[in-house]
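Quick notes on the structure that follows.
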Amino acid sequence: MATALEELPTLFHKYGVAKNVLGKLILWNGDITRIKVDAIVNAANSRLAGGGGVDGAIHRAAGHATLQEECRKYSGCKVGKAVITSGCGINHIKNIIHTVGPQVYGKLSEKHRDDLISCYRSSLELAVENKLSSIAFCCISTGVYGYPHNAAAEAVTDFLTNWLENDQNKDQISHVVLVTFMPVDQQCYEKYFDEFAAKFKTA
């Protein structure tokens, strides 16, 4: 049974500030294939070939052969970019957005951060373009791609809160769900949303 958005409290319920931003954000620990939203975002590889982790889980839930057939209409996907397919066998969503995150070997760079943010921006732009109002993101690049959990949560929190604060975007997306799997990701997001909310409480 899929989890509906109505069952999940937004971050506004927790903090009571910045409703224009936190009223659209949900932090949820669970299986991204089991949430009822317009679109889920897959952490894909550049060949869009399916793989391990969340990528493999989404391909299994959607039907690997069917999703692969749709992915083949694209000639892969570049880092920081995104492409869209139908939800295939996941009947409670409309679309799957596939984005390719940066791989971090050695020292984290500004280019890594820019590429990670580009994944989220490109996915949101595709959602808006396709009139999808709710979107769920997995933690892109923090698994085998090696992006440090804390740095990823900081970058994503900063980008999303700024994106949602922008008047141009305020009516485009109703809900953004950040889906965590590992406890460390949940803890890192909570840390940075605590800091974001604190700015309003001390203002």
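See the values below:
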quantity: Residue within the range 150-161 that is surrounded by 14 or more Cβ atoms within 10 Å (Cβ to Cβ) and of a type in the set (D, E, K, R) present; calculated: yes
quantity: Selection within the range 67-108 - polar (S, T, N, Q) and surrounded by 15 or more Cβ atoms within 10 Å (Cβ to Cβ); calculated: GLN68, THR85, ASN95, THR99, GLN103
quantity: Test: residue in the range 170-182 that is surrounded by fewer than 19 Cβ atoms within 10 Å (Cβ to Cβ), free of Cβ contacts under 8 Å to residues at least 60 places away in the same chain, of a type in the set (A, V, I, L, M) and touching a Cys at 6+ places or on another chain (Cβ under 8 Å); calculated: yes
quantity: Hits in the range 3-33 - residues which are assigned to a strand (DSSP E or B) and farther than 26 Å from VAL54 by Cβ; calculated: none
quantity: Filter pass, ALA49 being in a helix (DSSP H, G or I) and at pLDDT below 95; calculated: no
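Each row is one residue, and each column tells you yes or no for (1) assigned to a loop (DSSP other than H, G, I, E, B); (2) at pLDDT 95 or above; (3) among the basic types (Lys, Arg).
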residue	(1), (2), (3)
SER123	no, yes, no
ALA136	no, yes, no
GLY143	yes, no, no
ALA155	no, yes, no
ASN162	no, yes, no
ASP167	yes, no, no
VAL177	no, yes, no
LYS191	no, yes, yes
GLU195	no, yes, no
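The values are calculated or read from the model by the stated rules, or taken from the named source; none is laboratory data. What you see is a predicted model; the values in this text were computed from it and never measured. Cβ sites come from the backbone with ideal geometry, for glycine too, and all protein chains shown count toward neighbours.
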